[in-house]
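Asks: Can you keep this structure in mind? I'll have questions shortly.
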Amino acid sequence: MSHDLLIRNALIVDGSGAEPVHGDVAVSGGRIAQVGKVDGAASQTIDAQGLALSPGIVDLHTHFDAQITWDRGCSPSPSLGVTTAVIGNCGFGIAPCPPDQREMLMKNLSVVEGMDLNSLLTGVNWDFESFPQYMDLLRRIGPDLNVAVFAGHSVIRTAVMGEQACTRAEPTSDELARMTALVREAMDAGAIGFASSFSPNHSGYGGVPMPSTIAGDEELAAMVGVLGEVGRGVFMSATGPRATPDYMERLAQTTGRPMFISTVLSMYHDSAPERGLAMYDRCAQAIDRGNEVYIQTSCQPLSFDFDMVSPYVLYSHDAFERVKEVEGDREMLREIYVQPAMRERFRQNLKSPAEGILFYGDWSQIEINPARPENAAFAQRNVAQLAAEHGKDPVDWLLDFVLSENLETGLVGKFFNNRDEGVARLLRHRAGVVTLSDAGAHLTYLCDAGFGMHLLGHWVRETGTFTLAEAVRRLTSHPADLYRIPDRGRIKAGNWADMLLFDPEQVGIGKLRAVDDLPGGGRRMIRDGLGVHGVWVNGQMTWDGRQAVLREHGPGQVLDRFNA
């Protein structure tokens with residue numbers, strides 16, 4: 001029998017968690033035809049020479065919704081081993097969107113997900129208005145990886161309520177009926193589920209709250225309830241302190257659908273080292289009661305890029321109320337930041353921080369990316385060090401410095417998951433699912449799309465926290481099964497041939513590098529995968545170890561059918 005592709009002599013890590021075995025994998029018609037000792041010929045034969053062959057990485061938490069309309073490759077994820085991506089997380093998608101709301105939607109998205117506004121305004125292909133039309137657009141584009149799409153709370157709320165979506169908490173009964181109807185329309189069109197956010201850190205343009213964050217419990221229950229009515233789909237939320245594991249369990253019990261939590265409260269932080277673990281334990285207890293509640297887990301230090309023109313990570317401190325109001329006006333910001341009263345108020349906020357915020361006052365966790373060449377020596381150094389060297393209070397040093405650079409200084413906050421021994425307990429927990437790449441977002445200063453490379457390199461080879469087999473399972477079959485994605489995540493006869501060929505002794509992620517390839521000439525940061533020798537999606541190579549393999553139409557599928 002002749003196959004389309006035959007990979008010989010690989011160390012097969014099949015995604016099930018079983019011990020790796022040496023053997024061959026044959027592919028025909030985009031699916032895995034045979035695993036083990038394969039006889040016969042193939043149109044293409046590759047000698048893996050002992051390299052590891054695993055299923056492709058399933059990335060459950062991305063924000064490629066806008067980028068995919070101008071970049072079907074969803075770079076750099078395919079080069080980092082990703083073969084399936086879920087977009088629309090936290091409810092911040094781009095469909096449905098009436099034409100008169102496009103600019104408002106892009107402005108909010110630019111802030112909440114740290115995206116280049118000019119690139120969004122000039123780059124998005126608006127050949128759609130409704131969610132079904134957006135799915136059709138993705139099929140016409142032909143992505144290089146498989147894509148599943150969430151119906152999004154904030155985008156649906158905006159489509160129905162317009163500008164008032166960010167200011168009016170209570171929808172009318174008619175508006176709520178229209179919102180739930182749009183969720184049903186999305187589910188009928190093949191959405192993987194519904195996503196929302198209650199996070200106090202999710203603010204839009206000019207500091208306005210993102211629409212879902214001000215929605216009431218009744219509204220959320222009605223929209224999530226659609227999943228129960230149709231009997232399929234998952235719910236994910238950036239929960240903040242409001243949607244606790246108990247809250248999410250009640251939704252799971254009511255709807256019978258799996259719930260997924262994303263919150264900094266579940267991450268390791270030195271100020272509350274046991275808090276995250278306690279949340280995982282509560283989710284495990286819910287699972288044992290038959291109610292699926294999981295936590296999306298990051299295996300990397302969680303970084304936040306920002307500047308003092310749009311310092312969204314600080315908006316939860318009331319010292320920044322006026323900053324939010326001026327909507328990036330630099331002259332007014334300069335007047336605010338020089339005020340001693342504002343600075344003192346910020347110091348008082350840090351002495352008694354509210355629960356669920358991002359920055360608790362540890363200035364060693366904020367690094368500087370200076371804008372001016374004469375300040376290059378400050379690059380990637382933290383505010384605590386620099387303030388001490390200059391004999392200043394950190395608040396004063398930071399604000400004085402960014403003012404001296406005309407508010408052009410880049411800042412990176414490394415607030416959570418920054419200690420291996422604390423993070424390891426969370427990564428191994430049965431209530432967690434490894435994801436949170438945020439790929440497609442926060443591109444100005446960082447790129448976490450290589451989370452899978454980091455797990456395989458750091459947490460397998462360097463620390464021994466996971467075996468190779470278990471790490472691959474956590475990146476492939478585990479997320480695919482939890483999200484009810486069929487026929488993916490395992491190297492198994494009959495499954496789709498999404499595969500990653502890599503060197504376990506070299507796999508990892510390279511250093512950040514800048515490229516100026518966004519629409520309008522915008523700059524972004526990307527990382528390269530290390531030790532990656534090939535990536536296949538539905539049996540077709542998308543990355544050859546050095547560069548993307550380009551075709552007129554990508555091999556990825558727009559996923560629209562899921563297990564119940």
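The values are calculated or read from the model by the stated rules, or taken from the named source; none is laboratory data. Bear in mind the structure is a predicted one, so any value in this text is a computation, not a measurement. Every residue, glycine as well, gets a Cβ built from its backbone with ideal geometry; the counts of neighbours run over all protein chains shown.
Asks: Among the residues of the stretch 495-545, write down those that are more than 19 Å from GLY440 (Cα to Cα) and of a type in the set (D, E, K, R).
Replies: ASP498, ASP503, GLU505, ASP544
Asks: Taking the stretch 149-161 as the search range and keeping residues that are under 26 Å from the mean Cα position of the chain (by Cα) and surrounded by fewer than 24 Cβ atoms within 10 Å (Cβ to Cβ), which one is farthest from ILE94 (Cα to Cα)?
Replies: The qualifying residue farthest from ILE94 (Cα to Cα) is VAL160.
Asks: I would also like to ask the following. Could you tell me whether the stretch 443-466 includes any residue that is among the β-branched types (Val, Ile, Thr), within 15 Å of the chain's Cα centre (by Cα) and at pLDDT 95 or above?
Replies: No.
Asks: Look at the stretch 380-389 and say how many of its residues are surrounded by 13 or more Cβ atoms within 10 Å (Cβ to Cβ) and either touching a residue at least 24 places away in the same chain (Cβ under 8 Å) or outside any helix (DSSP H, G or I) (or both).
Replies: Number of matching residues: 3.
Asks: If the Cβ limit is 6 Å and pairs must be 6+ apart or interchain, which residue in the stretch 536-564 that is of a type in the set (Val, Ile, Thr) pairs with which residue that is part of a loop (DSSP other than H, G, I, E, B)?
Replies: VAL537/LEU145; VAL537/ASP498; VAL537/PRO555; VAL537/GLY556; THR542/ASP144; THR542/VAL549
Asks: Please state which one of ALA52, ALA66, ALA18, ALA10 is surrounded by fewer than 18 Cβ atoms within 10 Å (Cβ to Cβ), in contact (Cβ under 8 Å) with a residue 40 or more places away in the chain and of a type in the set (A, V, I, L, M). Let's see the steps before the verdict.
Replies: Numbers: ALA52 fails: surrounded by fewer than 18 Cβ atoms within 10 Å (Cβ to Cβ); ALA66 fails: surrounded by fewer than 18 Cβ atoms within 10 Å (Cβ to Cβ); ALA10 fails: surrounded by fewer than 18 Cβ atoms within 10 Å (Cβ to Cβ).
Testing whether each residue is surrounded by fewer than 18 Cβ atoms within 10 Å (Cβ to Cβ), in contact (Cβ under 8 Å) with a residue 40 or more places away in the chain and of a type in the set (A, V, I, L, M) leaves just ALA18.
Here's the yes/no breakdown for (1) touching a Pro at 6+ places or on another chain (Cβ under 9 Å); (2) surrounded by 14 or more Cβ atoms within 10 Å (Cβ to Cβ); (3) aliphatic (A, V, I, L, M):
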site	(1), (2), (3)
TYR483	yes, yes, no
ILE491	yes, yes, yes
ALA514	no, no, yes
GLY529	yes, yes, no
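Asks: Determine the pairs where a residue that is among the acidic types (Asp, Glu), located within the stretch 106-125, has a partner that is surrounded by fewer than 22 Cβ atoms within 10 Å (Cβ to Cβ) and modelled with pLDDT of 95 or more with Cβ atoms under 7 Å apart, the partner being 6 or more residues away or on another chain.
Replies: Going by the 7 Å Cβ cut-off, the qualifying pairs are ASP116/LEU518.
Asks: Answer yes or no as to whether ALA480 is without any contact (Cβ under 8 Å) to a residue 24 or more places away in the chain, of a type in the set (Gly, Ala, Ser) and assigned to a helix (DSSP H, G or I). Explain how you work it out, then say what you get.
Replies: On the way: without any contact (Cβ under 8 Å) to a residue 24 or more places away in the chain: no; of a type in the set (Gly, Ala, Ser): yes; assigned to a helix (DSSP H, G or I): yes.
For ALA480, the condition - without any contact (Cβ under 8 Å) to a residue 24 or more places away in the chain, of a type in the set (Gly, Ala, Ser) and assigned to a helix (DSSP H, G or I) - is not met.
Asks: Looking at VAL124, VAL82, VAL86, which is the one that is in contact with a helix residue (DSSP H, G or I) (Cβ under 8 Å, 6 or more places away or on another chain), crowded, with 23+ Cβ neighbours inside 10 Å and at pLDDT 95 or above?
Replies: VAL82
Asks: Can you tell me which residue within the stretch 194-220, out of those that are aromatic (Phe, Trp, Tyr) and modelled with pLDDT of 95 or more, is surrounded by the most Cβ atoms within 10 Å (Cβ to Cβ)?
Replies: Within the stretch 194-220, the match that is surrounded by the most Cβ atoms within 10 Å (Cβ to Cβ) is PHE194.
Asks: Another one. Is it true that some residue in the stretch 484-503 is in contact with a Gly (Cβ under 7 Å, 6 or more places away or on another chain), at pLDDT 95 or above and of a type in the set (S, T, N, Q)?
Replies: Checking the stretch 484-503: not a single residue is in contact with a Gly (Cβ under 7 Å, 6 or more places away or on another chain), at pLDDT 95 or above and of a type in the set (S, T, N, Q).
Asks: Any residue that is among the charged types (D, E, K, R), surrounded by 15 or more Cβ atoms within 10 Å (Cβ to Cβ) and either touching a Phe, Trp or Tyr at 6+ places or on another chain (Cβ under 6 Å) or assigned to a loop (DSSP other than H, G, I, E, B) (or both) - is there at least one of those in the stretch 370-379? Even if it seems obvious, please write down each step before you answer.
Replies: Just the residues of the stretch 370-379 that are among the charged types (D, E, K, R), to begin with: 372, 374.
Cutting the leftovers down to surrounded by 15 or more Cβ atoms within 10 Å (Cβ to Cβ) gives us none.
The answer is no, given that none of the residues of the stretch 370-379 is among the charged types (D, E, K, R), surrounded by 15 or more Cβ atoms within 10 Å (Cβ to Cβ) and either touching a Phe, Trp or Tyr at 6+ places or on another chain (Cβ under 6 Å) or assigned to a loop (DSSP other than H, G, I, E, B) (or both).
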